[in-house]
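Engineer: I am attaching a structure below and will ask some questions about it afterwards.
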Amino acid sequence: MKNSTILILTAGFALVTGLAAAPKATRAGDPAPVKIVHVHAITGPLQALTRQTQTGLMLGLEYATQGTMAVDGRKIQVVEKDDQLKPDLARTLLAEAYGDEGAQIAVGDIASNVALAMLPVALEYKRILVVDPAGADSITGKAWNRYVFRTGRSSTQDAIALAQALGKPGVSIATLAQDYAYGRDATAAMREALKGTGAELVYEEFAPFAAVDLSASALRLFDALKNRPGRKIILVLWASSVDAVGKIKEQGPERFGIELAAPGNVFASMAAYKQLPGMEGATYYYYAIPQNPVNAWLVKTHEERFGGPPDFFVPGGMTAGIAIVTAIRKAEGSTDAEKLIAAMEGMKFDTPKGEMLIRAEDHQALQSMYHFRIKVDPAVSWGIPELVNEIGIGDMKVPIMNQR
C-alpha cells in the first residue's frame, strides 16, 4: 500500500524490507508464528523518538525469550508500519495488519491522538493493542476498550509524581503544553493532582503542536506569575523534539523570580536542563536510577550495541516486549485475545523500572516514578536527573477513569 513501510524482524534483529509483504509461511508442522505489528512514526518529526521505542521493543522480546525470539516454540515476527503521525493512516494500517496480514498483537504509538485513533480498530477486530508510550489519560479512560493495554505511564501518573515533587503550600504554578490530546490531558491531570498540596495552578498556556517560536507564550506565562507572592514555577509539559524548556529560559524568567520545572525527557531535550542546576521534577525513567537486573541488562546491552545508555523511550518499548512474552506464556502459548486478556489482567512482571502490575479494571500498568533534582556534570551533555525519592506504586493513587 502507498504511504506504508513494513519491516519484518525476527531473531537476532535480522531485517527484511518489502511493500505490504506478509510474513513468510512457516515450514509444514512448525507452530504458527507470533505476529506483532508496531505502528509508529518511522518518518516525520518524531522518528528519532519512535525509533527508541522500536529498539526497546526488540530488546524486550530478546530479553524475555533469552535471546531465542520464540515463545513456547513459536517464533516471533515483528512488522513495522509507518503511520507518519497521521491518525487516519494509523487506523488504516492497523486494520490491514489485523485483517489482511494476521497480526495477533499490535504496539503503538508515541502521539496520543494517533494512539486514540487505533483503539476502535482493536475493538473491531478483537485483537490486543499494547499502547506505549502515548500518555493521554483517555487511552485508559473514556476511549478505552477491553482489548487495549497500556504498559507506558499515563498523564495522571506523571502528574501525581510532579505534584509530589513540586506541590507545596504557597507555590504558584503555570503550565505550558501543546494543544493536542496529550497536552490537554497532561494539564488537566496536573490540575487535579495539585489539589490538596497547597500549591495553586494559576494559568494554563497551550501552544500549537508544531510550535517553534514560544516567545509569545513565555510573555503570557510571565504575566500570569510575576506578581504572585511566594515561589513561582512554569511547568513545561512538552512532548516533541522542540526544546521548549530552553526556549522559555531564553526569555529570562528569572527576571521575575520565576523558576522552570519539567518532567524527564530525552537526552537532547535535557541539554537545556544544564542551565538549571537544582531544578526539580519527576520522571518515569532515567537509565541510572532504577537498580534491578532487568535495567542492568538493558543499560549494558544498549551501551555495547549502540555506544551509549538507553534514552527516555527505550525502556517503554522494552516493557511492552516483556509484557507480551509474559502474557503469551501465561496463556500457555496462545495469542487468542480472550486468553491474553485473562492472562494480562492483574499480571505482574519485571521491567527496567522494577515490578509492574497491569490493573484489571482499566489495563493501565501501575509503576514507580522518580522525583529528581538536576545535577550538572561538565562531562555529560545534558542535565542529570539525580534521584531524590522513588514514588512507588503504593504511593500513586491513580484513579480508574474508564467507568467500566
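The values are calculated or read from the model by the stated rules, or taken from the named source; none is laboratory data. These numbers were taken from a predicted model, which means no experiment stands behind them. Here Cβ is always computed from backbone atoms with ideal geometry, including for glycine, and neighbour counts include all displayed protein chains.
Engineer: Take the residues in region 83-96 that are under 22 Å from the mean Cα position of the chain (by Cα), part of a helix (DSSP H, G or I) and among the hydrophobic types (A, V, I, L, M, F, W, C), then tell me which one is farthest from Gly44 (Cα to Cα).
Structural biologist: The selected residue is Leu94.
Engineer: If I filter region 263-275 for residues that are buried (at least 21 other Cβ atoms within 10 Å of the Cβ) and of a type in the set (Ser, Thr, Tyr), do I get at least one hit?
Structural biologist: yes
Engineer: Moving to a separate point now. Consider Asp158 carefully, then state whether it is surrounded by 21 or more Cβ atoms within 10 Å (Cβ to Cβ), in contact with an Asp or Glu (Cβ under 8 Å, 6 or more places away or on another chain) and among the acidic types (Asp, Glu).
Structural biologist: Here the answer is no, as Asp158 does not meet what is asked.
Engineer: Right, another one. Looking at Ala181, Ala177, Ala210, Ala189, which one is assigned by TED's automatic domain parsing to the domain that holds Arg373, of a type in the set (A, V, I, L, M) and modelled with pLDDT of 95 or more?
Structural biologist: Testing whether each residue is assigned by TED's automatic domain parsing to the domain that holds Arg373, of a type in the set (A, V, I, L, M) and modelled with pLDDT of 95 or more leaves just Ala177.
Engineer: Looking at the structure I just gave you, is Gly278 under 25 Å from Ile374 (Cβ atoms), touching a residue at least 60 places away in the same chain (Cβ under 8 Å) and within 16 Å of the chain's Cα centre (by Cα)?
Structural biologist: no
Engineer: While we're on this one: Given the structure, is His363 touching a strand residue (DSSP E or B) at 6+ places or on another chain (Cβ under 7 Å) and on the phi > 0 side of the Ramachandran plot?
Structural biologist: It is true that His363 is touching a strand residue (DSSP E or B) at 6+ places or on another chain (Cβ under 7 Å) and on the phi > 0 side of the Ramachandran plot.
Engineer: Now a separate question. From the list Ala70, Ala106, exactly one residue is buried (at least 20 other Cβ atoms within 10 Å of the Cβ) and out of contact with any Ser or Thr (no Cβ under 6 Å at 6 or more places or on another chain). Which is it?
Structural biologist: Ala106
Engineer: Tell me the residue from Thr26, Thr68 that is modelled with pLDDT of 95 or more, of a type in the set (S, T, N, Q) and farther than 27 Å from Leu123 by Cα, please.
Structural biologist: Thr68
Engineer: So Val266 fits all but one of (1) modelled with pLDDT of 95 or more; (2) assigned by TED's automatic domain parsing to the domain that holds Gly170; what number is the exception?
Structural biologist: (1) is the only condition that Val266 fails.
Engineer: Read through the list (1) within 18 Å of the chain's Cα centre (by Cα); (2) assigned to a loop (DSSP other than H, G, I, E, B), then give the number of the only condition that Glu80 fails.
Structural biologist: (2)
Engineer: Quick one: is Arg127 surrounded by fewer than 24 Cβ atoms within 10 Å (Cβ to Cβ), within 16 Å of His38 (Cβ to Cβ) and either at pLDDT 95 or above or in contact with a Cys (Cβ under 9 Å, 6 or more places away or on another chain) (or both)?
Structural biologist: Spelling it out, Arg127 is indeed surrounded by fewer than 24 Cβ atoms within 10 Å (Cβ to Cβ), within 16 Å of His38 (Cβ to Cβ) and either at pLDDT 95 or above or in contact with a Cys (Cβ under 9 Å, 6 or more places away or on another chain) (or both).
Engineer: Would you check if Glu345 is within 22 Å of Pro385 (Cα to Cα) and touching a His at 6+ places or on another chain (Cβ under 8 Å)?
Structural biologist: no
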